[in-house]
Structure formats: C-alpha cells, structure tokens
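The next block holds one structure in the form of structure tokens; read it before the comments.
The values are calculated or read from the model by the stated rules, or taken from the named source; none is laboratory data. Values in this document were obtained by computation on a predicted structure and should not be read as measured data. Cβ placement follows ideal geometry from the backbone for every residue including glycine, while neighbour counts extend to all protein chains displayed.
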Amino acid sequence: MSIEENRNCGCNCMCNEEEHTVDCDMRREMIQEIRCLEFGITELALYLDTHPEDEKALCLHRKYCKQLKDLKDKYQKVYGPLTINYPCNKWRWLEEPWPWERGNY
Amino acid sequence: MWTYNKMLQYPINIKCTDPKLAKVIISQYGGPDGELAASLRYLSQRFGMPDQKAKAILNDIGTEELAHLEMVGTIVHQLTKDASIEEIEKAGLSAYYTDHGVDVYPQAAAGFPFNAGVLACKGDPIANLQEDLAADKKDFECTLAKKL
C-alpha cells in the first residue's frame with residue numbers, strides 16, 4: 001500500500017500492523033522535521049529582528065524556509081492540510097486529530 | 001492577522017492522568033506569569049512602540065507565546081481528560097469542574113480568572129521594555145519552581 005492510499009493512517013488506523021508502523025514512523029519523522037524547521041525559522045526570525053544585517057543568519061533562514069516549504073507540500077499532499085491555506089478537492093481539515101489530541105504528532 | 005498551524009510547537013503525549021499537577025500547571029496558561037499574559041503583553045505593547053526592531057520583536061515573540069499557550073493548554077487537557085470524578089475531587093478540582101467542566105480555563109493556580117492587571121502597557125517604550133524584562137524573569141522563576 002502506498003502512502004497516498006493510506007492517507008488516513010493515524011494512531012487509530014485500520015491498516016495492518018506492519019504498514020501502520022512503517023507509515024506512522026514516516027509520518028512522525030516528517031512532522032518532526034517540519035517542527036524542527038518551523039522552530040529554527042521562528043528563532044532565526046527573532047534574531048534577525050534585532051540583527052537584520054547578519055548575512056549568515058539570513059542565509060540559514062532562506063535555506064530553512066525552502067526546506068520547510070518543500071517538506072510541508074509533501075506532507076500535506078499525503079496527510080492533509082496543516083493550515084487552511086492548503087487547497088483541497090475535499091475538505092480534509094476535519095479528518096485528522098487536533099494537536100492537543102494527537103499524541104506524538 | 002494570524003494563520004493557524006495544525007501542530008504543536010513541541011509534541012505532547014502525556015499518558016498518566018494527574019489532575020493535581022494540572023491544577024498547578026494551569027497557572028502557566030492563565031496565571032499572572034502565564035503564556036496568555038505574556039502574549040497579550042507583547043502584542044498590546046506593539047502599537048505604541050516607535051522602534052522598527054522592537055516593533056518586530058514584540059510582534060514575533062507575542063505570536064510565539066500563543067504557540068506556548070497552546071502547549072500548556074494541551075498539557076492541562078491531557079493531564080485531566082481521563083480523570084474520574086473521585087480523582088478530580090481528590091485533586092481539589094471539584095470547584096473548577098463545576099464551573100468549567102472539561103474546558104481549559106485561563107486562571108491562576110489559586111483559582112482566580114485571568115486578569116489583564118498582571119501586565120502593564122504604559123505607553124512608554126522604556127517602561128514597557130523594563131516590564132518585559134521583569135516578566136521574562138518571573139516566567140523563568142516560575143518554570144524553575146515547577147522543576148523543584
């Protein structure tokens with residue numbers, strides 16, 4: 001089963017144990033990477049607010065923004081939107097658990 | 001304006017119910033040195049800030065505090081969501097439960113509701129920045145106290 005077919009996989013998914021584990025691991029890894037990038041960007045932005053001329057920080061900020069955009073596009077395509085700005089053919093905003101109920105995600 | 005990101009800034013997955021702990025942690029949500037106060041402090045001070053850098057940093061930190069608020073709310077929710085009525089009573093949360101049920105209400109550990117009196121917006125940039133330094137220090141002390 002591809003990730004696309006298995007798009008509703010969450011902790012309470014119906015797919016078999018092996019696929020569940022593989023897909024959940026992949027999903028957890030992706031969201032963790034997204035979270036790291038979001039955090040890095042937030043903190044770099046705070047630094048840049050008071051050090052706008054720092055080329056090294058600016059370069060790192062650009063790099064993380066690009067990585068985040070690519071990864072978020074990839075994640076949202078499979079697991080549904082992370083923001084309401086993501087276009088869907090079907091309204092998938094309701095499908096996934098909310099962050100306070102999500103456990104490791 | 002803001003756009004919601006459907007994720008926590010740091011994942012929270014609490015497996016043990018502990019309403020007694022939630023009763024203390026809720027202060028970091030809506031108490032005098034909590035995240036709501038922090039966020040509102042910075043976001044309200046933005047408007048009168050004349051300096052470009054300071055305006056940006058008040059805006060961006062005030063925004064990040066909202067992400068912290070969501071994490072603290074999640075902690076309180078997960079610590080209490082499976083608690084039995086007996087556990088709630090034992091933790092001294094029956095009064096809270098009577099008024100707020102399973103919602104996470106912005107209040108201090110002692111039970112009084114969130115009060116904007118805990119933050120200052122003086123309309124004076126230097127006075128405001130001093131208040132921010134003091135608030136940050138208090139927030140830090142609060143975090144330390146919880147580690148003890």
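Between B:58, B:129, B:133, the distinction of being surrounded by fewer than 19 Cβ atoms within 10 Å (Cβ to Cβ), within 14 Å of another protein chain (Cβ to nearest Cβ), farther than 22 Å from residue B:23 by Cβ and out of contact with any His (no Cβ under 7 Å at 6 or more places or on another chain) belongs to B:129 only.
Okay, residues lined up against (1) of a type in the set (S, T, N, Q); (2) within 11 Å of chain B (Cβ to nearest Cβ):
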site	(1), (2)
A:45	no, yes
A:50	yes, yes
A:55	no, no
A:58	no, no
A:71	no, no
A:81	no, yes
A:98	no, yes
A:101	no, yes
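Only one of the listed residues (B:38, B:56) is under 10 Å from the mean Cα position of the chain (by Cα) and modelled with pLDDT of 95 or more. That residue is B:38. Every residue in the range B:38-50 that is in contact (Cβ under 8 Å) with a residue 40 or more places away in the chain and not hydroxyl-bearing (Ser, Thr, Tyr), please. Selection gives B:38, B:40, B:41, B:45, B:48, B:49, B:50. The residue of the range B:61-85 that is nearest to residue A:40 (Cα to Cα), among those that are buried (at least 18 other Cβ atoms within 10 Å of the Cβ) and of a type in the set (S, T, N, Q), is B:74. Kindly check whether there is at least one residue in the range B:72-89 that is without any contact (Cβ under 8 Å) to a residue 24 or more places away in the chain, under 20 Å from residue B:107 (Cα atoms) and more than 9 Å from chain A (Cβ to nearest Cβ). So far as the range B:72-89 goes, yes, one or more of its residues are without any contact (Cβ under 8 Å) to a residue 24 or more places away in the chain, under 20 Å from residue B:107 (Cα atoms) and more than 9 Å from chain A (Cβ to nearest Cβ). Residues that are within 14 Å of chain A (Cβ to nearest Cβ) and surrounded by 18 or more Cβ atoms within 10 Å (Cβ to Cβ) within the range B:15-24 comprise just one, B:22. With B:52, B:45 as the choices, which residue is surrounded by fewer than 18 Cβ atoms within 10 Å (Cβ to Cβ) and closer than 22 Å to residue A:45 by Cβ? That would be B:52, the only listed residue that is surrounded by fewer than 18 Cβ atoms within 10 Å (Cβ to Cβ) and closer than 22 Å to residue A:45 by Cβ. Screening residue B:53 on (1) out of contact with any Leu (no Cβ under 9 Å at 6 or more places or on another chain); (2) of a type in the set (D, E, K, R); (3) touching a residue at least 40 places away in the same chain (Cβ under 8 Å) shows it passes everything except condition (3).
For the range A:39-80, the set of residues classified as in a helix (DSSP H, G or I) and of a type in the set (Asp, Glu) consists of A:43, A:49, A:55, A:70, A:73, listed by residue number. None of A:104, A:16 is under 19 Å from residue B:6 (Cβ atoms), modelled with pLDDT under 95 and of a type outside the set (Asp, Glu) except A:104.
Against the test of being without any contact (Cβ under 8 Å) to a residue 60 or more places away in the chain and more than 14 Å from chain A (Cβ to nearest Cβ), the options B:64, B:35 yield a single qualifying residue, B:35. Counting only residues that are touching a Gly at 6+ places or on another chain (Cβ under 9 Å) and either at positive phi or not hydrophobic (A, V, I, L, M, F, W, C) (or both), the range B:86-114 holds 5 of them. Taken over the range A:85-95, residues that are at the interface with chain B (Cβ under 7 Å from one of its Cβ atoms) and closer than 22 Å to residue B:74 by Cα amount to 0. Quick one: count up the residues across the range B:40-55 that are among the small types (Gly, Ala, Ser) and within 14 Å of chain A (Cβ to nearest Cβ). The qualifying residues number 1. The number of residues in the range B:15-47 that are among the small types (Gly, Ala, Ser), touching a helix residue (DSSP H, G or I) at 6+ places or on another chain (Cβ under 7 Å) and part of a loop (DSSP other than H, G, I, E, B) comes to 1.
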